[in-house]
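Take a look at the structure below.
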Amino acid sequence: MRKPFIAGNWKMFKTVAEARHLVSELVPGLQAVNGVEKVLCPPFTTLLAVSALLEGTNIGLGAQNMHWESSGAFTGEIAPAMVAELCHYVILGHSERRTYFGETDATVNKKVRAAITHNLIPIVCVGETLNEYEAGRTEEVVYRQVKLGFAEIGPIDGDTVVVAYEPVWAIGTGKAATGSGANSVIADVIRPAIKELFGEQVALAMRVLYGGSVKAENAKEFFSQPDIDGALVGGASLKPGEFIPITQAAAK
Ligand code: PGA
């Protein structure tokens, strides 16, 4: 059985002081939810403070990006070991990274390989843009992103990697996909691609999340789908009154 997984992607929001405040509001409600893997992904500058606040809780910590090289002259970048010192998870290949910062399937793949080497659980984001969706290219695009993102990776356990299906047209727009629409992309494209790469066991064990305008109000619609194992939550993860109920909805 796949354990439900909920991650909050704080994006470029919250100073250290603001992050401390938000975490103090989130922890009691999140801690009380059992049977769900819960992860906060705040900005790099807040990771040290947030990791101290999460110590001894059942809530995990993740970064939103990292470089693939172990160290070197890469001004402004963060190395895998720096992330691994504080976090167990890292979001990779988010569509905002692909769109605004030139990330490609090839660079995402290097990052995924670096994360696995450093025992970080990557949350690998895939999803089609509005143009691709309207042109009927969803399957082709998502299949390519999974196959190339996970290329040249040796045998892995299904619970050491997480995929997030995030249609780009649904992110931050308030226009979520439908539960059944997202479920079919996961069941018909993502799991089969994972099966081709790593075999059936891994394809059945790997958690695949939905992301894109998830709110307390629509969370159940996604979590009641057989192939959706949780959510990557953006805007609503900054609101305790939304994020805690979303996490509760994921508990089976
Ligand atoms: P959203 O973002 O929930 O604000 O749509 C999701 C994401 O970008 O991961």
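Things to note:
- Odd one out for residue 210, checked against (1) among the aromatic types (Phe, Trp, Tyr); (2) more than 15 Å from the ligand (Cβ to nearest atom); (3) crowded, with 21+ Cβ neighbours inside 10 Å: (2)
- Residue check: residue 69 meets all listed conditions (1) within 18 Å of residue 208 (Cα to Cα); (2) away from the ligand (no atom under 15 Å from the Cβ) but one, namely (1).
- The single condition among (1) free of Cβ contacts under 8 Å to residues at least 60 places away in the same chain; (2) hydrophobic (A, V, I, L, M, F, W, C); (3) more than 16 Å from the ligand (Cβ to nearest atom); (4) farther than 26 Å from residue 111 by Cβ that residue 176 does not satisfy is (3).
- Any helices (runs of 4 or more DSSP H) falling wholly within the stretch 37-118 and containing at least 2 residues that are in contact (Cβ under 8 Å) with a residue 40 or more places away in the chain and surrounded by fewer than 23 Cβ atoms within 10 Å (Cβ to Cβ): 95-100, 105-117
- Of all residues making up the stretch 10-32, the number that are open to solvent by 10 Å² or more (accessible area, probe 1.4 Å) and touching a residue at least 24 places away in the same chain (Cβ under 8 Å): 12
The values are calculated or read from the model by the stated rules, or taken from the named source; none is laboratory data. This is a predicted model, so every value here is computed, not measured. FYI the Cβ positions are ideal-geometry reconstructions off the backbone, even for glycines, and counts take in every protein chain you see. Quick note on the areas: whole protein, heavy atoms, side chains included, nothing else; ligands and nucleic acids left out. Shrake-Rupley method; radii C 1.70, N 1.55, O 1.52, S 1.80 Å.
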